[in-house]
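Single-structure report; data block below.
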Amino acid sequence: METEDSSSENGLLHRKQALYSSLDSCFVIQKEMYRGQQYSQIYFARLHLMRTLLYSLLPNWKPHIQVCTVIGLEEGKECIIVGTLYKHMKLKPSILEEYSKERSATPLVRPHNFMHPDDHLILEDESGRIKVCGDVLLPSVYVTGVVVALHGKETGTGDFWVEDVMEGGLPHQIERPIKSGEDKYVIFVSGLDIGSSTSNPLKFQLLVDHITGHLGDKKEQSIAAKIVRVIIAGNSVEIPRGLLNGQNLGSKDQFTLFEPIKELDIQLTQIAAGIPVDIMPGPNDPANFSLPQQPLHRCLFPSSSAYNTFRSCPNPHLFQLDDVSLLGTSGQNIDDLEKYSDANDKLEFLERTLRWRHVAPTAPNTLGCYPFTDRDPFFVETCPHVYFVGNQEKYETRLIKGAEGQIVRLICIPRFSETGVAVVVILWMQL
């Protein structure tokens, strides 16, 4: 736990402070060991967690309807079943099909979205599985891995006709603290892509100078003094992949490979010298591929890691600032949802993950994750006040409200290397 104060004394500006508490322990892989276990266990853990939750909500939803398992269904009898959805997709990539197409003369087409009109949903529990149909449960909205409660009845064709759906809904939220004193700001930035062709070193240096108070007049510096933390949400560097071919690297190639990380460390040192900074790994960073991505090793940042204000954090990242809860990812979970489902915008995907009570519902089906055996770390137990996702095409934000008065600020953080945009959040202002 850390404390990070903007007051003016004798003309000098002092940076404001915020009480910081990391809640990342659930995303850190410590005692787990891979012994060849399969992914069925994480699905069982997810189903157990969600079924317990959904059963507790049934008395307020449809208390007069009997609950049964898939194997206990009777034709024409109304009931409620709880299980995990599986989405059968005609265009879903298959490694065997890709291999056969690569060997053929036909060019391999990689669509941006794998949805097809013939897609359908199947619900399964420990006892069996059944195809679900109806106008209530749309295949375009749901993805494999979502646990729901369905009200309906089995048809003569052996399908389950859905009349109503209940999701987990927004979880309980800790009461928002009452604002006291002046505003405090949190800076979110992602997609720095240092080392890429789209990265502009001057642009990032201007951002660093601005948030550290080295640019602007007294008024702008007083605003910068209210920044209590900087969050870097993934894809900070872009490493030349062509050099990683399994061969020994020469000294020149080693320098080329490490140069983007060295440049990032220099910039982070400037920030950490005055402001607490959290850095999260992304899909392009030198970290493990599968979720949850573990913190970038401190040896990559010899200069910035010398400051106690520097924190290397996992992805997803969960923490509190002055009792305001913030949860976010570097974008893989939302990008994967976009491939296998449809929405009006990215913020709708964010809202769905909260209402489904799961940060990464498509893991491990189409999104890589560690094969946990006794838990599902992506289950959302408490509702955050701020939910952010990095490496998106553009900045978007929306405020959503839950049935129990929960209020969540959803934020899409754009790629800085392409847009030059960083997001400023007023810590106390959620409305």
- Query: Going through the stretch 197-215 one residue at a time, which ones are crowded, with 18+ Cβ neighbours inside 10 Å and assigned to a loop (DSSP other than H, G, I, E, B)?
  - Reply: S199, T212, G213
- Residue count, the stretch 165-192, condition on the phi > 0 side of the Ramachandran plot and at pLDDT 95 or above, comes to 2
- Query: Mind checking which residues of the stretch 137-187 are within 21 Å of S341 (Cα to Cα), within 21 Å of the chain's Cα centre (by Cα) and open to solvent by 30 Å² or more (accessible area, probe 1.4 Å)?
  - Reply: S140, V141, E167
- For the stretch 46-68, does any single residue satisfy the condition of being open to solvent by 30 Å² or more (accessible area, probe 1.4 Å), under 24 Å from the mean Cα position of the chain (by Cα) and within 30 Å of R311 (Cα to Cα)? no
- Query: Which numbered condition trips up T373, out of (1) among the polar types (S, T, N, Q); (2) modelled with pLDDT under 95; (3) open to solvent by less than 50 Å² (accessible area, probe 1.4 Å)?
  - Reply: (3)
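Working carefully through the options K262, K218, K252, find the one that is farther than 19 Å from F27 by Cβ, at pLDDT 90 or above and either open to solvent by 10 Å² or more (accessible area, probe 1.4 Å) or more than 25 Å from the chain's Cα centre (by Cα) (or both).
Details: K218 fails: at pLDDT 90 or above; K252 fails: at pLDDT 90 or above.
Result: K262 is the single residue among K262, K218, K252 that is farther than 19 Å from F27 by Cβ, at pLDDT 90 or above and either open to solvent by 10 Å² or more (accessible area, probe 1.4 Å) or more than 25 Å from the chain's Cα centre (by Cα) (or both).
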- Task: Check whether at least one residue in the stretch 77-85 is at pLDDT 95 or above, part of a loop (DSSP other than H, G, I, E, B), surrounded by 13 or more Cβ atoms within 10 Å (Cβ to Cβ) and hydrophobic (A, V, I, L, M, F, W, C), and report yes or no.
- Result: no
- Taking the options I122, I130, name whichever one is of a type in the set (V, I, T), at pLDDT 95 or above and in contact with a His (Cβ under 8 Å, 6 or more places away or on another chain). I122
- Message: I'm told P286 meets every condition in (1) under 28 Å from L427 (Cβ atoms); (2) modelled with pLDDT of 90 or more except one. Can you identify the failing condition by its number?
- Response: (1)
- Item | Test: L326 is in a loop (DSSP other than H, G, I, E, B), open to solvent by less than 30 Å² (accessible area, probe 1.4 Å) and of a type in the set (A, V, I, L, M, F, W, C) | no
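Suppose we filter the stretch 388-431 for residues that are in a loop (DSSP other than H, G, I, E, B) and of a type in the set (S, T, N, Q); how many remain?
2
Look through the stretch 347-366, keep the residues that are assigned to a loop (DSSP other than H, G, I, E, B) and open to solvent by less than 20 Å² (accessible area, probe 1.4 Å), and return whichever of them is nearest to E32 (Cα to Cα). Walk me through it before giving the result.
Initial filter on the stretch 347-366 (assigned to a loop (DSSP other than H, G, I, E, B)): 356-357, 359-366.
Then keep just the ones that are open to solvent by less than 20 Å² (accessible area, probe 1.4 Å); that gives 356, 359-363.
Values: W356: 26, V359: 20, A360: 20, P361: 21, T362: 22, A363: 18 Å.
Filtering the stretch 347-366 for residues that are assigned to a loop (DSSP other than H, G, I, E, B) and open to solvent by less than 20 Å² (accessible area, probe 1.4 Å), the one nearest to E32 (Cα to Cα) comes out as A363.
The values are calculated or read from the model by the stated rules, or taken from the named source; none is laboratory data. Since the structure is predicted, the reported quantities are computational estimates derived from the model, not experimental observations. A quick note on method: Cβ atoms are made from the backbone with ideal geometry, for glycine too, and the neighbour counts reach across all protein chains shown. Side chains are part of the model used for accessible areas, which takes the heavy atoms of the whole protein and leaves out ligands, DNA and RNA. Shrake-Rupley method; radii C 1.70, N 1.55, O 1.52, S 1.80 Å.
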